[in-house]
Each structure stands twice: as C-alpha cells, then as structure tokens.
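The values are calculated or read from the model by the stated rules, or taken from the named source; none is laboratory data. Keep in mind that what you see is a predicted model, and the values were worked out from it rather than measured. Every residue, glycine among them, receives a Cβ derived from its backbone with ideal geometry; neighbour counts consider all protein chains shown. These accessible areas exclude ligands, DNA and RNA; they are computed on the full protein's heavy atoms, side chains included. Shrake-Rupley method; radii C 1.70, N 1.55, O 1.52, S 1.80 Å.
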Amino acid sequence: HDNDRLAARGKRRARLRTALAAMLPHQGAFGITAGVEWFAAEKIDVHGAPSLNWDAADNQVAAVARLNALLAIHPAFGPGAAVALVQTGPGNVLAILRTPPGGAAPLLALANLDCERPQTVCWPAGHFPPAGTTAAWDLLTGETFAPGVSADAVRAFDLEPGQLRCLATDAAVKDVYDLAGRL
C-alpha cells in the first residue's frame with residue numbers, strides 16, 4: 001500500500017511485471033493485488049476504497065488466467081524445480097531457466113525489462129533448448145520459433161519493449177496448456 005500501482009507507470013510495465021512475478025518464484029507461488037488484472041492505477045489506501053478499475057475494457061484478465069493455468073499444469077513451477085538466471089551479455093534483460101525434477105524438459109522465460117526499447121537477450125546454447133530440439137513454443141502466445149545458435153555457442157532472441165516470452169519444447173505440454181488456457 002506504500003507504492004504506486006503497476007499500471008500507474010503504464011500498462012506495458014504492468015503486463016511485464018505481472019508475468020515476471022509468475023516466472024520467478026520457487027515452486028510456483030504467484031499472487032497479485034486486486035485490480036492488477038484490470039490495470040487499476042489508483043494507489044491502494046487500506047483505510048479507503050480505491051477503485052479496482054473493475055470491468056475495464058483494456059485489461060489483462062485472460063493473460064492472468066493463462067499464467068495461472070501454466071503454473072498449475074507445468075512441473076517447472078512445482079516442488080523441486082530448479083530456477084536459474086542464465087542470461088549473458090549486455091542489456092536490461094533476463095533469461096530464467098526453470099527445470100522440473102525428474103528429467104522433464106525445461107522452460108525458458110525471456111524478459112525485456114526495458115519498457116521503452118527493444119533488447120536482445122542471450123544465453124548459453126547448452127541451457128535451452130535441449131539437444132536435438134527443432135522447435136520451441138511460447139506458452140503465453142502460442143507462437144513457434146526455431147532456435148538458432150551463433151558461432152560462439154550463444155543463443156539470442158529479440159524482444160520488444162517490456163515483452164516476456166515463456167518457451168517450451170515439449171509439444172505434449174503445449175497441447176495440454178493450450179487446452180487449459182482456453183477453459
């Protein structure tokens with residue numbers, strides 16, 4: 001209640017920070033303050049009744065629902081999962097590798113923390129995707145991409161301002177997650 005709301009600094013930043021809150025915690029603990037899904041910008045006053053911006057036409061309700069489905073379904077957000085920051089090189093970016101226990105395929109979340117400028121995020125090729133993988137899917141958008149490797153064994157991905165991607169390589173996980181995201 002001492003800080004301004006995320007949306008007070010822009011909807012792009014609010015979208016990024018909400019998704020980032022879901023990608024970073026150990027064991028999938030994710031919580032938001034009431035009104036985040038509606039881009040409420042009015043500062044919380046615990047003794048008053050600030051607006052939650054309820055039913056705003058421009059909102060992130062579907063995105064929050066999709067994040068909740070991902071955290072509930074994917075083992076990379078459950079007990080025993082390893083979380084590591086693997087980004088290399090310059091830029092205001094993060095590459096978050098989430099590895100489930102038991103040898104399941106990892107997820108890689110890529111975030112451009114700069115909400116004003118595009119950035120390129122880089123990570124060591126050995127971390128993601130697993131060897132022999134020919135395609136990866138962004139579980140937040142459903143988009144497909146083919147991973148490439150530079151001569152120095154580094155992978156790179158261009159991100160728009162404030163963009164976050166959550167990449168997976170297991171087609172079965174993508175199909176289950178797509179179904180859950182539509183419910």
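Taken over the stretch 85-98, the criterion of being in a strand (DSSP E or B) and open to solvent by less than 40 Å² (accessible area, probe 1.4 Å) is satisfied by V93, L94, A95, I96, L97, R98. Residues that are under 16 Å from the mean Cα position of the chain (by Cα) and acidic (D, E) within the stretch 96-150 comprise D114, D138, E143, listed in sequence order. Selection over the stretch 157-175 of residues that are at pLDDT below 90, of a type in the set (A, V, I, L, M) and under 18 Å from the mean Cα position of the chain (by Cα) gives a count of 1.
Pairing residues of the stretch 1-22 that are at negative phi and open to solvent by less than 80 Å² (accessible area, probe 1.4 Å) with residues that are at pLDDT 85 or above and in a loop (DSSP other than H, G, I, E, B), at Cβ distances under 6 Å and at least 6 apart in sequence or on separate chains, gives R13/C115; L16/G162.
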